[in-house]
Amino acid sequence: MRSALAEASAAVTTGDVPIGAVVLDPTGVVIGRGRNTREAEGDPTGHAEVVAIREAARARGEWRLSGCTLVVTLEPCTMCAGAIVLSRVDRLVFGAYDDKAGAVGSLWDVVRDRRLNHRPEVIAGVLADESAQLLDTFFRSHR
């Protein structure tokens, strides 16, 4: 989670919301890093999770991320939760809950939906206070 928090902090330099993510392979090696890039790249899909998943898939040479863990500072939205399911990530670890857009328990629970063909293990609340503090500081300065 500390690596994901470092990615989140770096997002601020481009005016992006400070959310960061990393993908770990089954041995714990980071194979994908991501931070929000929506502002920097003008890309509505530039969420930290999607960026990290894309990088990890390139590193692996395939789209299936079986055995991998995605660590992200904020509860994923519906788009990112869908990407997690579709990429076959085995484990999702996240920091703060997102009461406004969270799709891993807050508003929806996409990753645990039994109608889908893949359901990753979920570990929530890891360094949640640090993750929330980054976001609170960012939004206070942008209001």
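Just so it is clear, none of the values below were taken in a lab; they were calculated from the coordinates. Only a predicted model underlies this, so the values are computations on that prediction, with no experimental measurement involved. Using ideal geometry, Cβ is built from the backbone for each residue, glycine included, and neighbour counts are taken over all protein chains shown.
With the structure loaded, tell me whether LEU127 is more than 16 Å from VAL17 (Cβ to Cβ) and in contact (Cβ under 8 Å) with a residue 60 or more places away in the chain or whether it fails that test.
Yes.
Filter the stretch 46-99 down to the residues that are among the polar types (S, T, N, Q) and under 12 Å from the mean Cα position of the chain (by Cα) and list them by number.
Just the residues of the stretch 46-99 that are among the polar types (S, T, N, Q), to begin with: 66, 69, 73, 78, 87.
Across the stretch 46-99, the qualifying residues are THR69, THR73, THR78.
Given the options ARG119, ARG38, ARG64, ARG91, name the one that is within 15 Å of GLU7 (Cα to Cα) and in contact (Cβ under 8 Å) with a residue 12 or more places away in the chain. Give the derivation first.
Working: ARG119 fails: within 15 Å of GLU7 (Cα to Cα); ARG64 fails: within 15 Å of GLU7 (Cα to Cα); ARG91 fails: within 15 Å of GLU7 (Cα to Cα).
The conditions single out ARG38.
Here's a check for you: in the stretch 75-92, which residue that is hydrophobic (A, V, I, L, M, F, W, C) and touching a Leu at 6+ places or on another chain (Cβ under 7 Å) is farthest from GLY34 (Cα to Cα)?
Taking the stretch 75-92 as the starting set, the residues that turn out to be hydrophobic (A, V, I, L, M, F, W, C) are 77, 79-81, 83-86, 89, 92.
With the extra rule that they be touching a Leu at 6+ places or on another chain (Cβ under 7 Å), the set shrinks to 84-85, 89, 92.
Values: ILE84: 14, VAL85: 18, VAL89: 15, LEU92: 15 Å.
Among those residues, the one meeting the criterion is VAL85.
For the stretch 86-136, what are the residues that are assigned to a strand (DSSP E or B) and not acidic (Asp, Glu)? Lay out the reasoning, then the answer.
Kept after step one, since they are assigned to a strand (DSSP E or B), are these residues of the stretch 86-136: 91-96, 104, 109, 121-124.
Of everything in the stretch 86-136, those that are assigned to a strand (DSSP E or B) and not acidic (Asp, Glu) turn out to be ARG91, LEU92, VAL93, PHE94, GLY95, ALA96, VAL104, VAL122, ILE123, ALA124.
Within the stretch 4-27, restricting attention to residues that are touching a residue at least 24 places away in the same chain (Cβ under 8 Å) and assigned to a loop (DSSP other than H, G, I, E, B), which residue is farthest from ALA101 (Cα to Cα)?
Looking only at the stretch 4-27, we keep the residues that are touching a residue at least 24 places away in the same chain (Cβ under 8 Å), and these are 4-5, 7-12, 14-26.
Those left that are additionally assigned to a loop (DSSP other than H, G, I, E, B): 15-19, 25-26.
Working: GLY15: 20, ASP16: 17, VAL17: 14, PRO18: 15, ILE19: 14, ASP25: 27, PRO26: 29 Å.
My answer is PRO26.
Residues of the stretch 80-96 being surrounded by fewer than 23 Cβ atoms within 10 Å (Cβ to Cβ) and out of contact with any helix residue (DSSP H, G or I) (no Cβ under 7 Å at 6 or more places or on another chain), which ones?
Within the stretch 80-96, LEU86, ARG88, ASP90, ARG91, VAL93 meet the criteria.
ALA56 fails exactly one of the following numbered conditions: (1) surrounded by fewer than 24 Cβ atoms within 10 Å (Cβ to Cβ); (2) out of contact with any helix residue (DSSP H, G or I) (no Cβ under 8 Å at 6 or more places or on another chain). What is the number of that condition?
Answer for ALA56: the failing condition is (1).
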